[in-house]
Amino acid sequence: MGLLTIIKKQKLKDKECRCLILGLDNSGKSTVVDWVLSFYTNRPRREITPTVGFQIHTVTFENHNVQLWDIGGQSTLRPYWDNYFEKTDVLVWVMDVAVASRLEESVQELRTILQNRDRLGYNCRIIVLLNKKDLVADLDLVLDKLEKDLAVVLKLENVPIETRTTNALNGDGLETLMELIVRGCAGV
Ligand SMILES: Nc1nc2c(ncn2[C@@H]2O[C@H](COP(=O)(O)OP(=O)(O)OP(=O)(O)O)[C@@H](O)[C@H]2O)c(=O)[nH]1
Ligand SMILES: [Mg+2]
């Protein structure tokens, strides 16, 4: 069998996985993706600027071709989020835990998305990254309140969610993100 045939067969075996990275502007979505790409594809870290529109990157992990859709979170761009929802396997919701005043806004946006679950699909798995943990002096205090708020939203919408506290600058807490995403894609 020629090399090309082997590669083609392997490709057929690989599962496609569509993962949306969403959250408010400045929460760290592109930095999370940048860390993942540097960790799994050896791409050098890049300087990150606010995302206008979106960027797609593919990472192959455990026989899955994971498409990471990094979508801009500025309020002017949020009306367009809806366009990306179809056929999403996993939604990674990124929150900046360092700015208390924006946590409520973020929880509200997540709630709005979850209330329109028919757009996102009922099988879509949700992962919440509580990012910028390095900037919070008393993390437990912030998490305690936030987890209560999130629990209310999640209970209301009856959605199981995995959460991780992260620092996207050094990858702390992101080590198992690809495993979580692939598990979500496989529906496990
Ligand atoms: N201290 C710290 N800074 C972070 C962390 N994650 C991201 N940042 C910084 O936060 C700023 C915004 O990060 P981005 O990745 O551009 O945020 P974004 O969510 O992609 O923003 P939009 O593209 O505008 O939606 C950048 O200056 C990052 O370096 C983190 O965990 N800790
Ligand atoms: Mg961005």
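The values are calculated or read from the model by the stated rules, or taken from the named source; none is laboratory data. What you are looking at is a predicted structure, and each value in this text was computed from that prediction instead of being measured. Backbone-built Cβ (ideal geometry, glycine too); neighbour counts: all protein chains shown. For the accessible areas, the whole protein counts, side chains as well, though only heavy atoms, and no ligand, DNA or RNA atoms are used. Shrake-Rupley method; radii C 1.70, N 1.55, O 1.52, S 1.80 Å.
So here's what we get for this one:
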item: Loop-located trypsin sites (Lys or Arg not before Pro) in segment 51-152 whose Cβ has at most 15 other Cβ within 10 Å (DSSP); result: 87
item: List 47, 86, ordered by accessible area with a 1.4 Å probe, largest first; result: 47, 86
item: Listed peptides 25-31, 35-41 by packing density, highest first (mean Cβ within 10 Å); result: 25-31, 35-41
item: Those Cys residues of the chain for which no other cysteine Cβ falls under 4.7 Å; result: 19, 124
item: Selected from 128, 92, 152 as most flexible by GNM, with the chain as the system and alpha-carbon contacts under 10 Å; result: 152
item: Sequence ranges 72-81, 157-166, 15-24, ranked by mean other-Cβ count within 10 angstrom, highest first; result: 15-24, 157-166, 72-81
item: Gained length - residue 40 relative to residue 56, 0.36 nm times residue gap less alpha-carbon distance; result: 4.2 nm
item: Theoretical FRET efficiency, 1/(1+(r/R0)^6), r = Cβ-Cβ of residue 156 and residue 86, R0 30 Å, to 0.05; result: 0.80
item: Additional length obtainable on full extension of the chain from residue 65 to residue 180, 0.36 nm per residue less Cα span; result: 40.0 nm
item: Over the chain: Kirkwood hydrodynamic radius from C-alpha pairwise inverse distances, Å; result: 17.1
item: Sites residue 4 and residue 48 - FRET efficiency at Förster radius 35 Å, r taken between beta-carbons, to 0.05; result: 0.45
item: Theoretical ellipticity at 222 nm over the chain - DSSP helices of four or more residues, -39500 (n - 2.57) apiece, nearest 500; result: -12000 deg cm²/dmol
item: Lysine pairs within the chain, Cα separation less than 21 Å, 8 or more sequence positions apart or different chains; result: 11
